[in-house]
1. Could you tell me which of Leu30, His62, Ile73 has its Cα farthest along the dipole of segment 1-95 towards the positive end, charges placed at Cβ (Lys, Arg +1; Asp, Glu -1), taken about the Cα centre?
2. So, in Å, what gap is there between the alpha-carbon centers of segment 1-49 and segment 126-175?
3. With an 8 Å cut-off on Cα pairs and a minimum separation of 6 or more residues, tell me the relative contact order of segment 1-151 in percent.
4. For segment 59-99, what ratio Rg/Rh do Cα atoms give with a Kirkwood hydrodynamic radius?
5. Just subtract the alpha-carbon distance of Asn80 and Ile129 from 0.36 nm times their residue separation and send over the number in nm, one decimal.
6. Less than 27 Å apart at the alpha-carbon level, and either on another chain or at least 8 residues along: which lysines does that give for Lys39?
7. Averaged per residue, what accessible area in Å² does the chain show with a 1.4 Å probe, protein chains only?
8. With all distinct Cα pairs included, what does the Kirkwood hydrodynamic radius of segment 1-70 come out to in Å, to one decimal, could you say?
Amino acid sequence: WVITPDCSIDKWPLITFPLSIALKDGVSKLLPNTEIQLKWPNDILINHKKCIGILAKSEMKHRKLVIGIGVNIDEPAQMNRTSINDESHVKYDRWDVLDALLSALNQHKAEILTATVDSISWNNSAAYIGKQVNVLADTLITGINCGINDKGALMLETPSGQKEIFHGHGLRPLQ
């Protein structure tokens, strides 16, 4: 998906937050009554397993943002990964899934283009809220996941106080 954001370039990294809310809404239409969670910074989980990943890359020459959305539709479930059809009682083809996701992206287009972070909505669907987690930022950080703030930063309560984490990956709950 290629978009021309309607916000300053410094806000472009925040686009994945309204984008993930839109994708969650699209998946919810296919899988009603199913637990769908958002995992900071750019994954969508179904029943605690990864199903969708988002990757955004800027193309500055033309002021575009290229967004890759990987969706497991029919992949066999594994320990930490699932697919839409593994979680459904209906067998969806890729066109059904594409239609549901594109419809949801279109409904959220204004928020996506302006990189509007609705931290309350995002946190209402966030994975691992209130749980102790590890995240790899510059170093491995452990703390209680307090969700994101309006700047898209992951908020962790650590023994040395609350930390705002703007860049990182590998968010995992401690078992």
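1. Final value for the positive-end residue is His62.
2. That distance is 18 Å.
3. Values: 259 pairs, mean separation 42.9, N = 151.
Relative contact order of segment 1-151: 28 percent.
4. Details: Rg = 14.7 Å, Rh = 12.3 Å.
With Rh from the inverse mean 1/r over Cα pairs, Rg/Rh is 1.20.
5. Working: separation 49, 0.36 × 49 = 17.64 nm, distance 1.83 nm.
My answer for the length gained is 15.8 nm.
6. Lys11, Lys24, Lys29, Lys49, Lys50, Lys57, Lys64, Lys91, Lys109, Lys131, Lys151, Lys163
7. Details: 9500 Å² over 175 residues.
Here the per-residue accessible area is 54 Å².
8. Working: mean 1/r = 0.0779 Å⁻¹.
This gives a value of 12.8 Å.
The values are calculated or read from the model by the stated rules, or taken from the named source; none is laboratory data. Quantities reported herein were computed from a predicted structural model and do not represent experimental measurements. Every residue, glycine as well, gets a Cβ built from its backbone with ideal geometry; the counts of neighbours run over all protein chains shown. We work out accessible area using only protein heavy atoms, side chains counted, and drop any ligands, DNA or RNA first. Shrake-Rupley method; radii C 1.70, N 1.55, O 1.52, S 1.80 Å.
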